[in-house]
Each structure stands twice: as C-alpha cells, then as structure tokens.
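Here's the structure we're looking at; comments come further down.
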Amino acid sequence: MTSPEGQNAMNQLDRRAQIIADIVARTGIDEDLIERLVRRFYAKVRQDDLLGPIFAARIDDWEPHLQRMFAFWSSVALMSGRYGGRPMEKHMRLPVDADHFDRWLEIFEETARELCSPAAADHFVERARNIAQSLELGVASHHGVLVMKGERFRHVAHDIPEEGDRAT
Ligand code: HEM
C-alpha cells in the first residue's frame, strides 16, 4: 500500500502531467517547434541593428547558447524542468532599457506568429512578456532605479556604460 506522502506525491505528478498534456493538446507545442522558433528568432536578432551588436559582443559560439535557449523555452512553455540557469544574473548588467526589451518582444512575437498556431504563439508570447518585464525591472534596479507599476526603464538608452565585457 502507498503511504499518504507517496500518494500525495503521485497526485502532484498526475496533476503536473495533466497540465502539460493540456498545454500540448491546446497549443501543439513540442520540442521540435521550440527549436525552430528559437533558431529563427536568434537568426533575426543577430541581424537587428539594435540588438545584434549586444549579442555579438558577448556570444562567439552560438550553438551552446541556442541549446540553452531550447532548454529554457522547454521549461517555460512545457514545464519540462530542462533549464536550471539564472537569467536575471545574465541580464542585469547588459546595456539595455525599455527600447531593447520592446524590440526583443517585437521580433519574438513576429517569429512566433510566423511559425506557430495562434494558440501556441499566444502561449509563448504571454510568457515572454512576463519574463521580459521582470528582467527589465531587474536591469532598472541594478541601476538604482525603482520602476513603479506601469512605468518603463528609460536610460540614456544607447549610452549605458559597460560594466565589464561579459554579462556573466
Ligand atoms: C533586452 C533584450 C535582451 C538582450 C539584449 C539579451 C541578451 C542576452 C545575452 C547577451 C545573453 C548571453 C549571456 C551570457 O551568456 O553571458 C542572454 C542569455 C539569455 N537570455 Fe537574454 N536578452 C534579452 C532578453 C531576454 C528575454 C526577454 C528573455 C526571456 C524571455 C531572455 C532569456 C535569456 C536566457 C534564458 C539566457 C540564458 C541565460 C543562461 O546562461 O542560463 N533574454 N541574453
């Protein structure tokens, strides 16, 4: 017979599996779609005048970054637990403000709408917006700026001093 704790853990696993199955049934998102989305998104980002140089200054070898991003989006969109990093630490020292986050989201949404069903695109975009908002708050607070609800972080945008070469 299973102990009450064991039964509880089983129920939680069942619930989690059910939530994931619902996401997949509703959106059709799978690892293959995530990989195509991430690859196409970063191909565009690298060409972008505003964002491209920020990535180019920090990423020499793209394949490991892309692999990390597959794991990240798999965790975010499908709750797979494949990603275990700390994105805030990688972003708070970047020379970015609201303009950069808006551009990032614009390219991300455009790419998601090109490749995904409306339900899948909505699922990705909603999560990307929430994460972008929290990263923007983190960048602002790193600069000693408290951003209130509904406000954005505006720096003398393209003139933010670099703090070391890498965003590590
Ligand atoms: C202003 C827009 C953004 C810029 C310029 C930017 C830039 C970067 C750069 C340069 C790295 C590599 C850092 C390193 O390896 O040292 C990175 C990593 C990453 N970014 Fe962004 N990013 C932006 C927005 C976002 C958003 C909105 C998300 C999530 C929705 C995101 C998720 C990640 C993740 C998960 C990593 C990997 C962190 C790790 O190493 O575990 N980024 N980003």
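Conditions: (1) under 23 Å from residue 17 (Cα atoms); (2) at pLDDT 95 or above; (3) more than 10 Å from the ligand (Cβ to nearest atom); (4) among the polar types (S, T, N, Q). Residue 80 meets all but one. Number of the miss?
All conditions are met except number (2).
List pairs: first residue in the range 122-147 and over 17 Å from residue 73 (Cβ atoms), second residue among the basic types (Lys, Arg) and surrounded by 16 or more Cβ atoms within 10 Å (Cβ to Cβ) anywhere in the structure, Cβ distance under 8 angstrom, at least six positions apart or on different chains.
From residues that are over 17 Å from residue 73 (Cβ atoms), the pairs are 142/93.
Are any residues in the range 17-28 of a type outside the set (A, V, I, L, M) and in a helix (DSSP H, G or I), and if so, which ones? Walk me through how you get there before you give the answer.
Initially, the range 17-28 is screened for residues of a type outside the set (A, V, I, L, M), giving 18, 22, 26-28.
Selection gives 18, 22, 26, 27.
Among the residues of the range 83-96, how many are near the ligand (Cβ under 6 Å from one of its atoms) and either of a type in the set (Asp, Glu) or buried (at least 16 other Cβ atoms within 10 Å of the Cβ) (or both)?
The total comes to 3.
Just wondering, is there one or more residues in the range 65-88 that are among the basic types (Lys, Arg), touching a residue at least 24 places away in the same chain (Cβ under 8 Å) and out of contact with any Pro (no Cβ under 8 Å at 6 or more places or on another chain)? Lay out the reasoning, then the answer.
Taking the range 65-88 and keeping what is among the basic types (Lys, Arg), we get 68, 82, 86.
Next, only the ones that are touching a residue at least 24 places away in the same chain (Cβ under 8 Å) stay: none.
Looking for residues that are among the basic types (Lys, Arg), touching a residue at least 24 places away in the same chain (Cβ under 8 Å) and out of contact with any Pro (no Cβ under 8 Å at 6 or more places or on another chain), one finds none in the range 65-88, hence no.
Go through the range 116-134 and count every residue that is touching a Lys or Arg at 6+ places or on another chain (Cβ under 8 Å) and more than 16 Å from the ligand (Cβ to nearest atom).
Adding up the residues that qualify gives 1.
Which numbered condition trips up residue 16, out of (1) over 18 Å from residue 129 (Cβ atoms); (2) among the charged types (D, E, K, R); (3) within 11 Å of the ligand (Cβ to nearest atom)?
(3)
Taking only the range 60-77 into account, find how many residues are within 19 Å of residue 131 (Cβ to Cβ) and near the ligand (Cβ under 10 Å from one of its atoms).
So the answer is 8.
So that you can scan it fast, the table gives a plain yes or no per residue for (1) more than 8 Å from the ligand (Cβ to nearest atom); (2) on the phi > 0 side of the Ramachandran plot; (3) among the aliphatic types (A, V, I, L, M); (4) surrounded by fewer than 19 Cβ atoms within 10 Å (Cβ to Cβ):
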residue	(1), (2), (3), (4)
42	yes, no, no, no
46	yes, no, no, yes
53	yes, no, no, yes
98	yes, no, yes, yes
108	no, no, no, no
114	yes, no, no, yes
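The values are calculated or read from the model by the stated rules, or taken from the named source; none is laboratory data. Nothing here was measured: the structure is a model prediction, and the numbers come from that model. All Cβ positions, even for glycine, are placed from backbone atoms using ideal geometry, and neighbour counts span all protein chains on display.
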